[in-house]
Amino acid sequence: MFDKSIISSYRFFILFFLNFPETIKDQMTSFYSINPQFISSFSYQLFIFISNAFLIIFGLFLLPLLIIYKRRRVLLFLKSYGRKFLFVFTWFLITLTPIIFVPSHISPHQGTIALFGFLILLFLPLDFIWPQLKNSAIYMLLIIFICSFWIYSSSINIYLNEKIHWIRRRSDISEMYMKKIEKLKPWIKPNATIIIGNNDKDTIVALSNEFGLKEYLNQENIKVFYASASADRSLIRLK
């Protein structure tokens, strides 16, 4: 049976190539749906990302295709660029093939090679029609606007990553617990048991399970357990 996660992996890379944040992968509740809480909290940022993707696809790909069609140059375009189109489309698919079968481990940097194929594919119609458009002041203004909007969406992307990116989130968790452990250091015996008041994935990964505290305290015999989330998730108990 066909694995739908493969299509989801392609969706993630296409969205990322269009300047959506990496976190969009974790916010998709289905193929088309986005986490309502994310929409509520970051509605403006999401609007910017969607608008940016629309401008890129319409202004740089669909509009040149429409012009090619209206000027009745479709057959010439296919004859001149058909093989190029097939080549870069195949390039895009093949260079992502080793990655898409492990959707739980996909990361943006893995799509670097595929990005070139995607961009070439995106700009093929514009490249074909460019000699007729380069003297058009209106289209040049459109391109300048698209580029400016892309830069702005990138700044919004950076802002969002600083707020909720998993690296920032886990580093904050690690910093919080390390500060508390530092205060408890004088009372931590070589064979102590440390109980962390939160057992969610981010906390466990941020502290490298038990190995982070063992390394930080330089005590191999301590034991670290993660309890069910308490009212005070920053709680640390010693036994």
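Each value in this text was obtained by applying a stated rule to the coordinates, not by laboratory testing. Since this is a predicted model, take the numbers as computed values, not measurements. Counting neighbours? That spans all protein chains shown, and the Cβs are built from the backbone with ideal geometry, glycine included.
GNM on the chain, alpha-carbon springs under 10 angstrom: the most fluctuating residue among Phe16, Phe211, Phe58 is Phe211. Between Ser8 and Gln132, full extension at 0.36 nm per residue minus the direct alpha carbon distance yields a gain of 40.9 nm. Using a/c under 1.5 as the rounded threshold, could you call segment 41-127 rounded, prolate or oblate? The axes a ≥ b ≥ c are square roots of the C-alpha gyration tensor eigenvalues, and prolate needs a/b larger than b/c, oblate otherwise. Cα axes put segment 41-127 in the oblate bin. The C-alpha atoms of the chain define a longest principal axis, and helix 74-100 lies at about 10 degrees to it. Arg170 sits among other residues whose Cβ lies under 10 Å from its own Cβ, and their net charge, with Lys and Arg +1 and Asp and Glu -1, is 0.
Exposure proxy ranking for Lys201, Lys223, based on other Cβ atoms within 10 angstrom of each Cβ and starting from the fewest, stands as Lys201, Lys223. Subtracting the Cα-Cα distance of His165 and Leu86 from 0.36 nm times their residue separation leaves 24.9 nm of extension gain.
Principal-axis analysis of the Cα atoms of the chain puts helix 137-164 at an angle of about 10° to the longest axis.
Test of understanding: what is the full-extension gain from Ile158 to Asn218, defined as 0.36 nm times their sequence separation minus their Cα-Cα distance?
On the way: separation 60, 0.36 × 60 = 21.60 nm, distance 3.60 nm.
Between Ile158 and Asn218, full extension yields 18.0 nm more.
With both residues required to sit in the chain, DSSP beta bridges show an antiparallel share near 50%.
Helix 166-184 axis versus longest C-alpha principal axis of the chain: approximately 10°, rounded to the nearest ten. Counting only lysines at least 8 places from Lys163 when in the same chain, those with an alpha carbon closer than 25 Å to its own are Lys25, Lys179, Lys180, Lys201.
Mind giving me the FRET efficiency for Ser40 and Trp187? R0 is 35 Å, r the Cβ-Cβ distance, nearest 0.05 is fine.
Once the sixth-power term is evaluated, E becomes 0.20.
Computed from label points 7 Å out along Cα-Cβ, the spacing between Ser51 and Val74 is 3.3 nm.
For the pair Leu62 and Met178, a Förster radius of 35 Å applied to the C-beta separation gives a FRET efficiency near 0.10, rounded to the nearest 0.05. Working from Cα pairs under 8 Å separated by at least six residues, relative contact order for segment 4-164 is 38 percent. Note on the chain: GNM, Cα springs under 10 Å; of Pro98, Pro186, Pro108, the largest mean-square fluctuation is that of Pro186. Listed by chain and number, the lysines whose C-alpha is less than 25 Å from the C-alpha of Lys70, apart from same-chain residues fewer than 8 away, are Lys79, Lys84, Lys134.
Would segment 4-164 count as rounded, prolate or oblate if I go by the C-alpha gyration tensor, calling it rounded below 1.5 in a/c and otherwise prolate when a/b exceeds b/c, oblate otherwise? Since a/c reaches 1.5 but b/c is at least a/b, the shape of segment 4-164 is classed as oblate.
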